[in-house]
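The values are calculated or read from the model by the stated rules, or taken from the named source; none is laboratory data. It should be emphasised that the depicted structure is a prediction, and the values quoted were computed from it without experimental measurement. For neighbour counting, all protein chains shown are included, and Cβ atoms are generated from backbone atoms with ideal geometry for every residue, glycine included.
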């Protein structure tokens, strides 16, 4: 019956049915019964383990007792926090920097510098499928809880070490952060407004991706390797695996053909602002009017911007009909080959910005929509969070969080029709699941747990 | 107290001795007039790749740019008046820059965004959430 | 067919500076300290990948994407891990093949068999893949695709929303032919919902829709404006998300259900998932994430600032590193160190976060940077164990000793494309590592083989299809 309905309905309806966010909890999880350990801090390692947790693995985050990992103390402008930090510190909060990399996890606080702590970690490792770790290379090995020790306890364990420069090679002792990865890996060099005299209206320096890209996306790359290793283990080899991921390397992987272009032709790619090196028209156009002129928030009072995309010859011809200012260059740049040259781009976008001078981004968007030309205004996180689209698709959601109440959280990055990922809670206080985890994985009773608490092990 | 006479980006006003911070993003390449946040004197400086190549020499209004921030050398006067220095980058109009207690989300439902006391907790959860008062 | 020999293909000398030897790298280290890096080198080094098995070599993937890089990126991850990836391209090839910056055709890569030119970006994501051509706009072409799907594990497409379904080759129809098929769709905003994609939307549509562009770039006070990524970052992030979703579906299929499923990922959702605290912050007090240039809203010092010969990153979010950074500065410019450490407003970590505290910090720091090149500043800071590194450009990335030693940039001596330096898979593994086996294929290079191998066509049948424009 249901099958027949699915076949008869329109494609849109079909998608809304199979990806229905309201039905997510009625469907099975991809990794029911799997266990993951997250001995991680900051974002790179935590985000990797978080993707496991979304897919249904019971993910145990092991932090140091009381204050937890450093990211708990990081929040924009030091303003918003979620309370309590831990049972012992109800008046301290966890910063929003902790958002996005710790959903669904169980929080165990263990001081693994101490032998009792090492014992706890070993007992959990014995029953674990996959572990993400991002301490300095060799640290866990020295403490006796690294891959080499864990593999003896549990040869099926998949162990992902993630970090800055990797554990071997000339830079192995260097510390790394997200923006260092971005800087050293090369993503800065091609992002941002060009230097002076390049024919671009805005001038600037090489820029970072403002999100912690090398961390969060690096976590995804680690996650892929981990899921592939699980598939290989469960279907083919039966054995665990050690994976090393360097975020600085990740940043060189993502800069496209920049490396081959240099090594063969000596071309050092530079930044090209809000336009596109390879397509034209396909750039962000500065509008003249702000969308919220009366706003007290300075950002909202700035004039808006919109991407206008008409890269193919037919699209461009249509665009020239819509934007009168383009008529002068319409025939000159009718062909893609001519249009994509830097000088042409400069002329075309200048004419378009002239046209958009007396318009808001919404007005331009409306005109483009009416004429079926691809476009997308530059939205702030406020505008974005008001889109029904993203809420409907569960890409952003209000979570009724069992610990913190009403929080707006990022949702799911991918939709699976049969075994969707899901978010249950954003995170929990430090050591919130001590009893549950120690009982389930270590076989400790209440007295033992109280003893460990007394001795500052947990 | 430090001497900033030979600094490029820390411009010590020759008149009022206020230190004007010429932030690197605005002033790294700069040839023009900057207005002292302390006394309003106009200084012409030329900064090339972060290094001051000429100036400061006094000049006439109008100025080209305001400094990013300014304070006295003894830290007692801090100038953050946005008519005298560049405006801060704000996330909200009423942004304060220190921990703020938040008990309601923007759609008006309770959220645990403020300090709690031990008696506010049940285990490690805020009592009001345990009791379902946030619904 | 152009007669080009591999030796004729112009190649700049690489590496210009030879690789370091292990003795140089680990000079002065005790045996005990060398033990762990040595174990790593013995277990994950790139030179040994050819001796080891591949994780996904039993999977077959049809990459039916075009005009964009998201799908190609996604299938690259599988191809690196050994899956058989077949790019199903329209006759004439995916137009992305011909994209080269500013249409500079002299910067393209030619193979030595057909002489067809391919852009650098496409070449980078063509690794380990096969290319066949098939005209999906013809009914016959679609029938052929259905036959190919019978034995495929994964199909990835990025056509306009509902296009494949209307053609009778969407997930609804293909899953009847092959219930084990995992079917992935990738786009910018989505294939359903009020903002669903128009035909052929490209990155940076997703970047703008998810709040990324708005929050990136320098603040207005610094003369900045919202800034897009210089790459098609939504394609890459979205493609990685799709790959993870597919991998989860495969695990479930082969362990539990035996059935494939429909997977969708978009660039916008991919970045929204990883855009830090934007949503939590907006939901708590209505904040709009402001642009903050190369500085950071939540950590001071954690920024990139200009220096004598470019820009340099330095990071230290807590007291220990804070004082080490200023100690380093103080060695050259004691007055700057003195000024900062004396300032009562900067004594406590969290007090350093407000905007004007950051302006004070970074202006003072840049006063020291201006006299130091990236290398000088980096060396001095690293002597105090502070994380720092210069903003590097392609030439420096390609010659960075650490990258060369670890194979983060690697010269592949390809049978068809000659010597090309690329960035190989970034995950290293002990037992079954990903790798690059070949760089790519010209359009439809594998037609002959694939149509014989999977369809049993004879030479004359293939020629007839070619003549009709079906392949």
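Residues that are touching a strand residue (DSSP E or B) at 6+ places or on another chain (Cβ under 9 Å) and more than 8 Å from chain A (Cβ to nearest Cβ) were ranked within the range B:107-127; the one that is nearest to residue A:408 (Cα to Cα) is B:108.
Within the range A:1-20, restricting attention to residues that are modelled with pLDDT of 95 or more and outside any loop (DSSP other than H, G, I, E, B), the residue that is surrounded by the fewest Cβ atoms within 10 Å (Cβ to Cβ) is A:13. Being closer than 22 Å to residue A:31 by Cα and at pLDDT 95 or above holds for only one residue in C:181, C:195, C:174, and it is C:181.
For residue A:420, the test of being more than 30 Å from residue C:202 (Cβ to Cβ) and touching a strand residue (DSSP E or B) at 6+ places or on another chain (Cβ under 9 Å) is failed.
Based on what the data block shows, is residue C:105 surrounded by fewer than 22 Cβ atoms within 10 Å (Cβ to Cβ), at pLDDT below 95 and in contact with a strand residue (DSSP E or B) (Cβ under 6 Å, 6 or more places away or on another chain)? Against the criterion (surrounded by fewer than 22 Cβ atoms within 10 Å (Cβ to Cβ), at pLDDT below 95 and in contact with a strand residue (DSSP E or B) (Cβ under 6 Å, 6 or more places away or on another chain)), residue C:105 does not qualify.
Here the helices (runs of 4 or more DSSP H) wholly within the range A:134-217 that include at least 2 residues being at the interface with chain C (Cβ under 7 Å from one of its Cβ atoms) and crowded, with 24+ Cβ neighbours inside 10 Å are A:178-185.
Every condition in (1) out of contact with any strand residue (DSSP E or B) (no Cβ under 9 Å at 6 or more places or on another chain); (2) surrounded by 24 or more Cβ atoms within 10 Å (Cβ to Cβ); (3) facing chain A (nearest Cβ under 7 Å) is met by residue C:254 except one, and the failing one is (2). The set of residues from the range A:115-155 being over 28 Å from the mean Cα position of the chain (by Cα) and under 18 Å from residue A:225 (Cβ atoms) comprises A:150, A:151. The single residue among A:106, A:77, A:51, A:34 that is touching a residue at least 12 places away in the same chain (Cβ under 8 Å) and crowded, with 24+ Cβ neighbours inside 10 Å turns out to be A:51.
Reported count of residues in the range A:64-92, each being within 17 Å of residue B:125 (Cβ to Cβ), assigned to a loop (DSSP other than H, G, I, E, B) and either out of contact with any strand residue (DSSP E or B) (no Cβ under 6 Å at 6 or more places or on another chain) or within 7 Å of another protein chain (Cβ to nearest Cβ) (or both), is 8. Kindly establish whether residue C:428 is modelled with pLDDT of 95 or more, under 29 Å from residue A:232 (Cβ atoms) and away from chain B (no Cβ under 14 Å). So residue C:428 fits the description; yes. Specify the residue that is surrounded by the most Cβ atoms within 10 Å (Cβ to Cβ); the eligible residues are those in the range C:292-301 that are touching a helix residue (DSSP H, G or I) at 6+ places or on another chain (Cβ under 7 Å) and at the interface with chain A (Cβ under 7 Å from one of its Cβ atoms). For the range C:292-301, the residue satisfying everything is C:297. I'm trying to understand the selection: among the residues of the range A:367-423, which are in contact (Cβ under 8 Å) with a residue 12 or more places away in the chain, over 24 Å from residue C:288 (Cβ atoms) and part of a strand (DSSP E or B)? Across the range A:367-423, the qualifying residues are A:374, A:415, A:416.
The number of residues in the range A:182-204 that are touching a strand residue (DSSP E or B) at 6+ places or on another chain (Cβ under 6 Å) and more than 19 Å from residue A:255 (Cβ to Cβ) comes to 0. Residues in the range C:378-399 that are outside any helix (DSSP H, G or I), within 8 Å of another protein chain (Cβ to nearest Cβ) and over 19 Å from the mean Cα position of the chain (by Cα): C:385, C:386, C:387, C:388, C:389, C:390.
Considering the range C:306-317, the residues that are facing another protein chain (nearest Cβ under 7 Å) and under 14 Å from residue A:192 (Cβ atoms) include one that is surrounded by the most Cβ atoms within 10 Å (Cβ to Cβ), namely C:311. Which of the numbered conditions does residue C:278 fail, given that it passes all the others? Conditions: (1) more than 7 Å from chain A (Cβ to nearest Cβ); (2) in contact (Cβ under 8 Å) with a residue 60 or more places away in the chain. Only one criterion is unmet by residue C:278, namely (1). Note on the range A:226-239: residues that are crowded, with 24+ Cβ neighbours inside 10 Å and either more than 7 Å from chain C (Cβ to nearest Cβ) or under 17 Å from residue A:40 (Cα atoms) (or both) amount to 1. From the list C:259, C:255, the lone residue that is part of a helix (DSSP H, G or I), at pLDDT 95 or above and more than 28 Å from residue A:204 (Cβ to Cβ) is C:255.
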